[in-house]
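See below for the structure under consideration.
Read the figures in this text as sums done on the coordinates, not as results from a lab. Predicted model, so just to flag it, every value in this text is computed and none were measured. For neighbour counting, all protein chains shown are included, and Cβ atoms are generated from backbone atoms with ideal geometry for every residue, glycine included.
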Amino acid sequence: MSQIAQSLYPLMLSPLKVGAHTLPNRVIMGSLHTRLENEPDGVQRLAAFYAARARGGVGLVVTGGVSPNFDGRVEQGAWVLDSATQLDQHIPIVQAVHAAGSKIALQILHTGIYAKHDEIIGPSAVRSVINPRQPRAFTPEQIEQTIEDFVNCAVLAQQAGYDGVEVMGSEGYLMTQFTALRTNKREDEWGGSLENRIRFPVEVVRRTRERVGPSLLIMYRISAIDLVEGGLSGDEIDRLAQALEQAGADVLNTGIGWHESVVPTIATSVPRAAFAFAAARIKKAVSIPVVASNRINMPSVAEDILAQGQADLVSLARAFLADPDFVIKAATGRTDEINTCIGCNQACLDHIFTDRIASCLVNPQACHETEFTEAAPQHKLKVAVIGAGPAGLACAITAAERGHQVQLFEASSEVGGQLNLARRIPGKEEEFAELVRYFSKRLSTTGVQVHLNRRVESAWLMTQGFDQVVVATGIKPRTPLIEGIEHVKVVSYSDVILGRVQVGERVAIIGTGGIGHDVAELLTSTQAGVQTAAEFLKIWGVDPTIQSAGGLQAPVAEGAQRKVVMLQRGTKKPGARLGKSTGWIHRTKLTKRGVTAVSGCTYEKIDHQGLHYSVNGEPHLLEVDTIVLCAGQESEQALATQLTGNVTHLNLIGGARVATELDAMRAIDEGTRLAYKW
């Protein structure tokens, strides 16, 4: 460990004894659903995925959830561990992590009423608002059997060589369904009073400890704040934590909110470490170590939590999708080389919620480790990349890292392309700036020759003898055919975001996609600078004292800087193409600010009065000061057209290949994969 890193992160990088185990540092890789277990080569891929994070220095790896019985599995095909015949799925994973130098715990997860299959079961026959399936209620005999199934799963995990287990008791899964009045309507010994409602998780931990002895680490992931009506209060959470400690838990990891909560907990717009207060409360109630989680994506954030005494360890999940070497980079003084999780959820949660394999927008190799060779290319090539947006940057740095000679040409004065627009949107500033910082640093460390303010001419390019030419010139805003589109009231989204134009108090936005919502966010926000955690909690109605059930209180009304109306030609719900896990956040925020949306529009004309349009033949007039065009993009292909047929190895990637709304995920993936073909 470098002296610089040791002085910067002395607590995060210090060892800690947890139960019978000593962890080399205070960083845990939190559990992630990957859906790799559904793949034919899932064991091999999971082993590679976890081993990469272990090599990166994490103190403890926690696997994705594995059900203790058939009824508790997440979905069809998800893993169950209820028999010794299934150990062959786990032993290679454990061995790979141990060989890479880390410890590993199996998360035991029963989904209860969140299950995506027909055998759904819960404490009571209460359907979740996010699941159309109607659960059946446990019988007392089934409860006893399920407790035994948890214990049996832990015993099998011990036999597989796992160092510990994490009993999943947060995010609205089975354990929380038992503890909360919201979902537990039972009138027997498993319902009613708090003592009865917490009996299930406490019995699981107590009986597990009796069976596995002191050597197996038992971590319980406790819901530190439920963020739903009918959830637990802070005092009740403290009592549960104390009971779990007495039952034999070695450490309490913290989860924040149920999946059905209407409070954002892990999206980009959530301030870093916004919920650390919930872990701090539990830490005061128990003597065993407590883990903080949620929106901890840089070493400085982790160190601050530990230094303030809010927790003993930190759990990072998506941050390890973004960069498997998070810890080792921090420990060797290379924090500026960390590929920071930006909280977008586009390739992780959104993929999981739509039955796809998880990955990461900023790191397309996540969960796809076996698809990328570590072998050096046979021939070192001379490569030209035109365009320093996300596609061009990913291609250039990956190709250079693999040993090719790369020159990167950018017409503007800075790298980043469309990322430089995203990082000017309130709520996105900090994280997208981190992504630009990461790319800029990698350009330096990989030796890419960067030419800024350089517009490449095709004639010159064809004389330079490049073995590969990559056109990543991105997109340009599309101008719709509307009478009066050249009116002074009309401006482009890029000019608005970059502050090149003055925007009036009454605004019409043509387009309701991601860019339209970003512009609406920018134009209505009254926030000056990055939003603080305290401001965020007030606006979303979170009580940091957790005195109320679920930790909710009346949200503070948020004003709006302008009156904004969004319009679209299509008839689908406005913002329908936004991310599944984040779209509702954008829509909710704008609704609270009075932003309205109109669908099925036919745009008639623009004049000094404003925007004339019709819906189902009925004419309307929006008397506005400014009309912002967010009506899609077109590929910037002028250079590619000139080069086609004149350059042997011509490649189009990102927006230059297909124009879609600021699709950084596809752009970075294409750029990375192209570089691995050479």
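Computed quantities for the displayed model
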read-out: Size of electric dipole in the chain: Cβ of Lys, Arg +1 and of Asp, Glu -1, about Cα centre, debye, nearest 20; value: 920 debye
read-out: Cross-link partners of Lys103 among aspartates and glutamates (Cα-Cα below 14 Å; sequence separation of 8 or more within a chain); value: Asp163, Glu166
read-out: Estimated vicinal HN-Hα couplings, Hz - the stretch 29-44 in sequence order (Karplus 6.51, -1.76, 1.60; Gly, Pro = x); value: 7, x, 5, 10, 6, 10, 6, 5, 5, 7, 8, x, 9, x, 4, 4
read-out: Dipole of the chain [Lys/Arg +1, Asp/Glu -1 at C-beta], most positive-end residue of Ala273, Ala656, Asn152; value: Ala656
read-out: In the stretch 548-596, the trypsin sites (Lys or Arg not before Pro) that fall in loop regions by DSSP, at most 11 other Cβ within 10 Å; value: Lys572
read-out: Kirkwood hydrodynamic radius of the stretch 189-304, from inverse mean 1/r over distinct Cα pairs, in Å; value: 15.1 Å
read-out: Computed over the chain, Cα set: Rg, Dmax in Å; value: 26.4, 83
read-out: Cα-projected label distance for Trp584 with His608, points at 7 Å along beta-carbon direction, nm; value: 4.8 nm
read-out: Inter-probe distance in nm under a simple model that places probes 7 Å from Cα toward Cβ, at Leu481 and Thr373; value: 4.9 nm
read-out: The stretch 601-665 - Rg (one decimal) and Dmax (whole number), Cα, Å; value: 19.0, 55
read-out: Interchain or long-range residues, amide H under 5 Å from Leu552's placed H; value: Asp543
read-out: Positive-end extreme of charge dipole, the chain - chosen from Phe70, Asn646, Ala224 (charges on Cβ); value: Asn646
read-out: The stretch 176-213: GluC sites (Glu not before Pro) in DSSP coil with no more than 10 other Cβ atoms inside 10 Å; value: Glu187
read-out: DSSP-loop trypsin sites (Lys or Arg not before Pro) across the stretch 426-518, with at most 16 other Cβ within 10 angstrom; value: Arg454, Arg455, Arg478, Arg500
read-out: 3J(HN,Hα) from dihedral phi, the stretch 259-264, Karplus parametrisation 6.51/-1.76/1.60, rounded to Hz, x for glycine, proline; value: 4, 8, 5, 9, 10, x
read-out: Residues with amide H under 5 Å from that of Cys341, placed H, sequence gap 5 or more; value: none
read-out: Residues with amide H under 5 Å from that of Leu652, placed H, sequence gap 5 or more; value: Val471
read-out: The stretch 335-412-the stretch 440-485 distance, computed between alpha-carbon centres (Å); value: 17 Å
read-out: Over 23 Å (Cα to Cα) - which of Lys538/Lys592; Lys428/Lys589; Lys185/Lys580 fall in this group; value: Lys185/Lys580
read-out: Scattering curve values for the stretch 3-371, log₁₀ I(q)/I(0), Debye with Cα scatterers, q = 0.08, 0.10, 0.12 Å⁻¹; value: -0.35, -0.55, -0.83
read-out: From phi via Karplus (6.51, -1.76, 1.60), per-residue ³J(HN,Hα) for the stretch 110-115 in Hz, x at Gly/Pro; value: 10, 7, x, 6, 8, 4
read-out: Kirkwood hydrodynamic radius (C-alpha pairs) into Stokes-Einstein, the stretch 206-267, 10 °C and 1.306 mPa s, D in µm²/s; value: 123 µm²/s
